[in-house]
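Worksheet: one structure, shown below.
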Amino acid sequence: MGWMSPVGGGSVAGTTGRGLPMEALEAQLGWYGHSGSIELRGHVSNVGWQQWSEGRCGTTGKSQRLEAVQIRLTGEAAEKYDIWYCAHVSGIGWLDWACNGAAAGSAGKGRAIEAVKVILVEKGGAAPGSSDKVFIGDPDAVTVSGSAVSGEGLGSSSGQKATIGGKGAKLLSSIALSVAGQTDDGSISYAVMDAYSGWGASVSDGGAAKAVSGAPIKAIKMSLSGQLAANYDIWYRVYDSGNGWTGWTSNGQACGVSGGSSGLCGIDVVLVGKGQSSPGSTANAFIEASGIGLISQAHVASAGWLAPVGNGETAGQTGMSRSLQALYVSTQGIDASVEVSAHVANIGWQPYVSGASYAGTVGKGLAIQAV
């Protein structure tokens with residue numbers, strides 16, 4: 001059908017009762033002698049939320065449905081007027097009136113906007129109708145994904161609450177998080193801790209926060225900034241392979257287990273309205289293991305990095321004819337370190353290493369012959 005004729009004053013733009021999805025929307029403001037414009041932002045199928053753009057949102061020629069829209073005024077127009085709008089959604093019908101940049105329509109439901117109505121109201125004036133139900137779905141969603149020590153992806157999850165892994169899942173070695181939705185200002189930052197190098201540098205908005213090579217993550221922390229932080233608290237808990245689910249914590253606090261040979265294999269993340277209650281118990285969100293001990297972790301031919309082990313346990317495999325190729329050794333509960341030197345096939349003795357460095361080699365197929 002293409003572009004339809006313009007309408008104004010709260011008239012219907014688009015169609016109803018014909019099952020025709022809207023793909024793009026244009027809106028222009030004519031106010032001679034005054035400043036101001038209309039900006040739009042769309043949620044598009046297979047794309048997600050677009051950036052704000054003056055006068056238009058959506059796509060053309062791509063057969064991608066427009067599923068939600070945000071509209072706002074700028075300049076003198078924003079000082080003088082509120083802009084109200086509502087969406088007719090496929091399979092649902094007319095939703096209520098949204099205002100001044102709030103999302104109207106749906107997200108994550110596979111439903112297109114078929115028509116909209118837009119009207120200007122003097123600043124602070126009454127809404128054109130009910131404003132109770134303007135949007136269906138999560139207005140903002142957090143996405144979490146992770147990779148295992150073995151290199152396998154553990155999938156991703158999105159929503160107001162997102163979960164990866166859990167009981168029986170593989171140990172995590174890296175995570176990435178992002179937040180997308182109607183709140184276009186702000187970011188999410190996060191960091192991970194491992195047993196060998198401690199806390200790593202903070203990364204943000206989809207970057208990978210990684211433990212050192214082969215090591216499992218022991219703890220995480222994350223926080224929001226900008227308008228996201230004003231709108232939400234971010235709550236999270238983790239599943240530790242030796243302790244199960246921890247309690248919930250939020251907004252930059254550490255969550256996990258600081259000692260022992262266990263590691264994280266699951267994460268729950270929830271966006272909660274600012275100042276609202278936690279999603280569950282906050283007890284034991286961060287567990288500091290007591291006592292003095294050693295943690296060892298082996299990289300073995302044909303198996304890769306194995307799970308860490310504690311005092312007196314075997315690092316590596318026996319009876320399988322698989323050579324030891326690399327080894328971490330770390331202390332726990334004491335201000336000291338262990339230095340390790342390995343004699344490697346075709347190389348000989350390597351320099352002593354400790355902490356975040358392993359003895360041996362990875363990816364070269366060379367056996368450790370002595371330590």
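Looking at (1) out of contact with any Lys or Arg (no Cβ under 6 Å at 6 or more places or on another chain); (2) touching a residue at least 40 places away in the same chain (Cβ under 8 Å); (3) not in a helix (DSSP H, G or I), which is the one condition that is false for residue 228?
Just one mismatch for residue 228, condition (3).
What number of residues within segment 252-286 are under 30 Å from residue 312 (Cβ atoms) and crowded, with 21+ Cβ neighbours inside 10 Å?
Going through segment 252-286 one residue at a time, the tally reaches 11.
Given the options 150, 213, 189, name the one that is part of a strand (DSSP E or B) and either at pLDDT below 95 or among the small types (Gly, Ala, Ser) (or both).
189
In segment 315-339, which residue that is among the aliphatic types (A, V, I, L, M) and within 25 Å of residue 257 (Cα to Cα) is surrounded by the most Cβ atoms within 10 Å (Cβ to Cβ)?
Residue satisfying both the conditions and the ranking: 326.
So residue 245 ticks every box in (1) crowded, with 21+ Cβ neighbours inside 10 Å; (2) more than 17 Å from residue 192 (Cβ to Cβ); (3) in contact with a Lys or Arg (Cβ under 7 Å, 6 or more places away or on another chain) but one. Which box is left unticked?
(1)
If the Cβ limit is 9 Å and pairs must be 6+ apart or interchain, which residue in segment 159-175 that is closer than 16 Å to residue 297 by Cβ and without any contact (Cβ under 8 Å) to a residue 40 or more places away in the chain pairs with which residue that is open to solvent by less than 40 Å² (accessible area, probe 1.4 Å) and part of a strand (DSSP E or B)?
If the second residue must be open to solvent by less than 40 Å² (accessible area, probe 1.4 Å) and part of a strand (DSSP E or B), no pairs are left.
In the list 112, 104, 141, 98, which residue meets the criterion of being modelled with pLDDT of 95 or more, open to solvent by less than 40 Å² (accessible area, probe 1.4 Å) and farther than 23 Å from residue 79 by Cα?
112
Restricting attention to segment 310-367, which residues are in contact (Cβ under 8 Å) with a residue 40 or more places away in the chain, of a type in the set (A, V, I, L, M) and within 22 Å of residue 216 (Cα to Cα)?
Within segment 310-367, 324, 326, 327, 334, 338, 356, 362 qualify.
Do we find that residue 318 is assigned to a loop (DSSP other than H, G, I, E, B), among the β-branched types (Val, Ile, Thr) and in contact with a Phe, Trp or Tyr (Cβ under 6 Å, 6 or more places away or on another chain) in this structure?
Taking the combined requirement at face value, the residue does not satisfy it.
The values are calculated or read from the model by the stated rules, or taken from the named source; none is laboratory data. Since the structure is predicted, the reported quantities are computational estimates derived from the model, not experimental observations. Virtual Cβ from ideal backbone geometry, glycine too; neighbours counted across all protein chains shown. When the accessible area is computed, the model is the full protein with side chains, heavy atoms only, and any ligands, DNA or RNA have been set aside. Shrake-Rupley method; radii C 1.70, N 1.55, O 1.52, S 1.80 Å.
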